[in-house]
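Below is one structure; the comments refer to it alone.
The values are calculated or read from the model by the stated rules, or taken from the named source; none is laboratory data. Computed from a predicted structure; not experimentally measured. Because the Cβ atoms are built from the backbone with ideal geometry, glycine has one as well, and the counts that use them run over all protein chains shown. Note: areas computed on protein heavy atoms with side chains; ligands, DNA, RNA excluded. Shrake-Rupley method; radii C 1.70, N 1.55, O 1.52, S 1.80 Å.
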Amino acid sequence: MGFPHKPNPRETQILSRYFGDAEARTLEGWKKRGGYRALEKALGLTPEEIVNEVKESGLRGRGGAGFPTGMKWSFMKHGDGKPHYLCVNADESEPGTFKDREIMRWTPHALIEGAAIGAYAIGAETAYIYIRGEFTEPLRVMGAAVKEAYAAGLVGKNAMGTGKRIDVHVHKGAGAYICGEETALMNSLEGKRGNPRIKPPFPAVAGAFGMPTTINNVETLAAVPHILTQGPAWYKAMSHSSPKSTGSKLFSVCGNIAKPGNYEVEMGFPFKDFLYDLCGGPPPGRKFKAVIPGGSSVPIQTMEEAEATMMDYEGFIAQGSMLGSGGVIVFDDSQCMVKQIARLARFYAHESCAQCTQCREGTAWTTRILERIEAGKGTMEDLDTLLSLSKNMTGTTICVLSDSCATPIVSGINKFRDEFEAHIKGKRCPMGATAAA
Amino acid sequence: EHYEPVFVGEAERELEELLTHYPTKMAALLPALWIVQNARGWVSEEAMTEVAERLSLTPAYVKGVVTFYTMYHQHPVGKYFIQVCTTSPCGVCGAEDTVRALLDQTGCGELGATSPDGRFTVVEAECLGACGFATPIMINEEFVESVNKDNVTDILSRLP
Ligand SMILES: Cc1cc2nc3c(=O)[nH]c(=O)nc-3n(C[C@H](O)[C@H](O)[C@H](O)COP(=O)(O)O)c2cc1C
Ligand code: SF4
Ligand code: FES
C-alpha cells in the first residue's frame, strides 16, 4: 500500500499488506496472518529443493543489482565443512529508498522467516541482520521480534523442533552509507572499518569471517516465504512486460509529488500511471521535470523517458535508467537540476571510503565544480572536465560508489544541458537557488 | 581524573552475551561501542582503551574504527543531539528551511555548534532512509518524521 496512504486498488499487496497494522508486529498476530507456515514447509524440504523453487520463481535481488536470488544461493557449496553465513542487508541508505524500513517496522517476522529459510537453503546456521544505526525504531521492532522467535523455538539451536540450528542476530551499524556495499558490510560486521574488499574472492567463497557467505536485501528475503507457500508459478505470473522480471516490487516515492510513500506493484506496471494515478501527480500548480527512478545511483530520466517506462529491470534500462533499489525521486519544475546534482555529488563525496584515488579525488572535485557552476562561476570547459572526470570514475575502482557519483552527473549534463549552460552564460542560477545548503 | 569502567554489572553481562553471537571477539566491537555511547553519551579515549582490553585489540585499532563511523561521538555533545537530513530528496521538500528553524530556535546558530545553554547540538545528516517523510530528524535515539519550519517550535517544546 502507499503507506501512509490508503491502498490503491491497482496495487498488489503482498509484502506491504500489513503495513500500518500494529498487531502484525507480534508473533501471535503474525501467526494469525499465516506467519511461519513457509518456514515449517521449508524445513521439510532439502536446501536444493528450496533453491530450485526460488530459481523457478524468477526472484531477483531487490538491493540494487537485480541478481537472480536462486542462482546466488546455488553458489554456496554444501558439505564443505565450513561454517556458512547469511548477511541480511538492512543498511538502506541509498537516497530515495525507504522500503526496507517499512518491512522491518511493520512485518519484522516476515524478515526473520525469510532469513531463516535463506540460511537453511545456503547451509548456514547463522544469519546476521545488519541494520543501519539510524533506524532506531526498526532496530527496536526487529530486536523484539527476534526475541519472540527464539522464545517460541522458531529459530535457535532446534528451529521448529527439527534439530536444525538457525541463529538470527540483529547487528547495529554506526553510520556509513558504504556499509551497504556487500563486502564493506562484512568488514563492518567483523568489527572493522567499512571498506569494500577487492573481488575476487567473492562472498560465496570467502565472505564474512572469511567463510562462504550470501548477502541479500531485506525485501528479497521477505518475498521468499510467499514464493514457498504460493508457489513459483504464482510469483512468476506477476510479470507484465519483460519475462525476466517477476513478482511484486515495493517502490519508495519521494520528492516533489502529491503522495509520497511506499507502493507495491507487479513488475511491468506502467510508470506513467504509477506517477499520476497512484502517487497523485505533481504538487498542486506544478509540473514534473525529472525522475531518478531507482535510488540516487541510477541515471536521471526526462519525463518523456519516465512516461514511456514499464516498471521492471529491463523497462527502466530501455528508457535510459535502471530499476536499482526502487527509490523514486521526483523533481518538479521549481527545482534547479544543477543544484540537485551538486548536492548528490556532495553526498557521494561525503560517503566515499577514500580507498581509491579516482573516487576520493573525483567525488570531491566534481562536487567543487558543480557547486561553482551553480553559484554562477562556472565555465563551459567545466562541463567537459566534469564529463572526463566522470569517465575516469567509472569502472575503475574497488566498488561502484565512484560510478554512482558519476551517473547523475553524466545523465544530468546530457539530458539537462540547457540548465547548466544557463548558469554559466547568465553567471547565476536562473531559478534563484544556491548550492551551499 | 579517575575513569569509571563501563563494563561492570549489567553492561558486562550484555557484552558477554554479545560475544556468543560471533565467531570472533573483534565482531563485538561496534556493539561494545554502542554500549559505551549509550552509557556515557560519547566515546572517550579511556573508553576506547577499555573496549580494546575487553576485546583483545589495541586502542589505536579501536580509534581507527570509531573514526570511520559518523554516529560515535568523540566529544561530549549537547543534551539533545539533533541530526537533520539535507540530502536532495529532503532538500527539494524544504530541508534547508527546517535546518534554519532548528538553528534559530535552539540557539545553536550554526551547524555543529552547541547552544549556549548546552542543551542542543544540530548537525546535517545524509539520507536517513525516510525520504517520503521529509524532513526526518533524529533527536538522540528518537526519530521524528515530517519536520518543517512550522512545527519545529512544537517539537522542541515537547523535550524535557
Ligand atoms: C555503495 C553501495 C551501497 C549499497 N547499499 C545497499 C543497501 O543499503 N542495501 C542493500 O540491500 N544493498 C545495497 N547495495 C547492494 C549490495 O552490495 C548487494 O548487491 C545487495 O545487498 C545484494 O542483495 P540482493 O541480491 O538481495 O539484492 C549497495 C551497493 C553499493 C555499491
Ligand atoms: S570506489 Fe570509493 S567507496 Fe568504493 S572502495 Fe573505492 S574509495 Fe571506497
Ligand atoms: S533524503 Fe532525507 S531521508 Fe532520504
| request: Go through the residues of segment B:110-118 one by one and say whether even a single one is within 22 Å of B:GLN37 (Cα to Cα), free of Cβ contacts under 8 Å to residues at least 24 places away in the same chain and touching an Asp or Glu at 6+ places or on another chain (Cβ under 8 Å). | output: yes
| said: Just to verify a result, which residue in segment A:155-179, among those that are within 10 Å of chain B (Cβ to nearest Cβ) and out of contact with any helix residue (DSSP H, G or I) (no Cβ under 8 Å at 6 or more places or on another chain), is farthest from ligand 1 (Cβ to nearest atom)? | reply: A:ASP167
| Out of (1) within 16 Å of ligand 2 (Cβ to nearest atom); (2) within 14 Å of chain B (Cβ to nearest Cβ), what's the single condition that is false for A:GLU102? | (1)
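A:ALA174 - would you say it is crowded, with 23+ Cβ neighbours inside 10 Å, away from ligand 2 (no atom under 16 Å from the Cβ) and in a loop (DSSP other than H, G, I, E, B)? Talk me through it step by step, then tell me what you get.
Details: crowded, with 23+ Cβ neighbours inside 10 Å: yes; away from ligand 2 (no atom under 16 Å from the Cβ): yes; in a loop (DSSP other than H, G, I, E, B): yes.
When the stated conditions are applied, A:ALA174 passes them.
Looking at A:ALA152, A:ALA204, can you tell me which residue is more than 16 Å from ligand 2 (Cβ to nearest atom), at pLDDT 95 or above, in contact with a strand residue (DSSP E or B) (Cβ under 9 Å, 6 or more places away or on another chain) and open to solvent by 10 Å² or more (accessible area, probe 1.4 Å)? If you could, list the steps in order and put the result at the bottom.
Details: A:ALA152 fails: in contact with a strand residue (DSSP E or B) (Cβ under 9 Å, 6 or more places away or on another chain).
None of the others qualify; the one that does is A:ALA204.
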| said: Condition check: more than 25 Å from the chain's Cα centre (by Cα) and under 24 Å from A:SER321 (Cβ atoms). Does A:PHE347 satisfy that? | reply: no
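Listed residues B:LYS79, B:LYS63; which is open to solvent by 50 Å² or more (accessible area, probe 1.4 Å), basic (Lys, Arg) and more than 19 Å from A:GLY133 (Cβ to Cβ)?
Numbers: B:LYS63 fails: more than 19 Å from A:GLY133 (Cβ to Cβ).
Selected residue: B:LYS79, the only one of B:LYS79, B:LYS63 that is open to solvent by 50 Å² or more (accessible area, probe 1.4 Å), basic (Lys, Arg) and more than 19 Å from A:GLY133 (Cβ to Cβ).
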| Residues within segment B:77-92 that are more than 7 Å from chain A (Cβ to nearest Cβ) and not basic (Lys, Arg), tallied | 9
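If you take the residues in segment A:312-336 that are in a loop (DSSP other than H, G, I, E, B) and touching a helix residue (DSSP H, G or I) at 6+ places or on another chain (Cβ under 6 Å), which one is most open to solvent (accessible area, probe 1.4 Å)?
First, the residues of segment A:312-336 that are in a loop (DSSP other than H, G, I, E, B): A:312, A:319-326, A:333-336.
After this cut, where a residue has to be touching a helix residue (DSSP H, G or I) at 6+ places or on another chain (Cβ under 6 Å) as well, the list is A:319-320, A:322-323.
Working: A:GLN319: 51, A:GLY320: 32, A:MET322: 85, A:LEU323: 3 Å².
Once the filter is applied, the top-ranked residue is A:MET322.
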| task | Look at segment A:70-84 and say how many of its residues are within 28 Å of the chain's Cα centre (by Cα) and open to solvent by 100 Å² or more (accessible area, probe 1.4 Å). | result | 2
| request: Determine, yes or no, whether A:THR363 is among the hydroxyl-bearing types (Ser, Thr, Tyr) and away from ligand 1 (no atom under 16 Å from the Cβ). | output: no
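Regarding segment A:136-144, can at least one residue be identified that is closer than 17 Å to A:GLY63 by Cβ, at pLDDT 95 or above and either basic (Lys, Arg) or within 16 Å of ligand 1 (Cβ to nearest atom) (or both)? Before you say what the answer is, go through the steps one by one.
At the first step, the residues of segment A:136-144 found to be closer than 17 Å to A:GLY63 by Cβ are A:138.
Those left that are additionally at pLDDT 95 or above: A:138.
Checking the rest, the ones that are also either basic (Lys, Arg) or within 16 Å of ligand 1 (Cβ to nearest atom) (or both) come to A:138.
Yes, some residue in segment A:136-144 is closer than 17 Å to A:GLY63 by Cβ, at pLDDT 95 or above and either basic (Lys, Arg) or within 16 Å of ligand 1 (Cβ to nearest atom) (or both).
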| query | What number of residues within segment A:337-369 are in contact with a Phe, Trp or Tyr (Cβ under 7 Å, 6 or more places away or on another chain) and not in a helix (DSSP H, G or I)? | reply | 0
| note | Across segment A:1-46, the tally of residues that are in contact (Cβ under 8 Å) with a residue 24 or more places away in the chain, open to solvent by less than 30 Å² (accessible area, probe 1.4 Å) and assigned to a helix (DSSP H, G or I) stands at 7
| In segment B:111-149, which residue that is more than 13 Å from every other protein chain (Cβ to nearest Cβ) and in contact with a helix residue (DSSP H, G or I) (Cβ under 8 Å, 6 or more places away or on another chain) is nearest to ligand 1 (Cβ to nearest atom)? | B:VAL147
| said: Checking the structure you have, find out if any residue of segment A:66-83 is within 14 Å of another protein chain (Cβ to nearest Cβ) and either at pLDDT below 95 or more than 16 Å from ligand 2 (Cβ to nearest atom) (or both). | reply: yes
| query | Taking segment A:277-309, which residues are part of a strand (DSSP E or B) and open to solvent by less than 10 Å² (accessible area, probe 1.4 Å)? | reply | A:ALA290, A:VAL291, A:ILE292, A:PRO293, A:GLY295, A:GLN301
| query | Is it true that some residue in segment A:106-129 is open to solvent by less than 10 Å² (accessible area, probe 1.4 Å), within 16 Å of ligand 3 (Cβ to nearest atom) and within 12 Å of chain B (Cβ to nearest Cβ)? | reply | no
| field | Those residues of segment A:210-230 which are closer than 18 Å to A:GLY118 by Cβ and either among the polar types (S, T, N, Q) or surrounded by fewer than 19 Cβ atoms within 10 Å (Cβ to Cβ) (or both), in sequence order | value | A:MET211, A:THR213, A:THR214, A:ASN216, A:ASN217, A:THR220, A:THR229, A:GLN230
| said: Of everything in segment A:384-408, what is more than 14 Å from ligand 2 (Cβ to nearest atom) and small (Gly, Ala, Ser)? Give them in sequence order. | reply: A:SER388
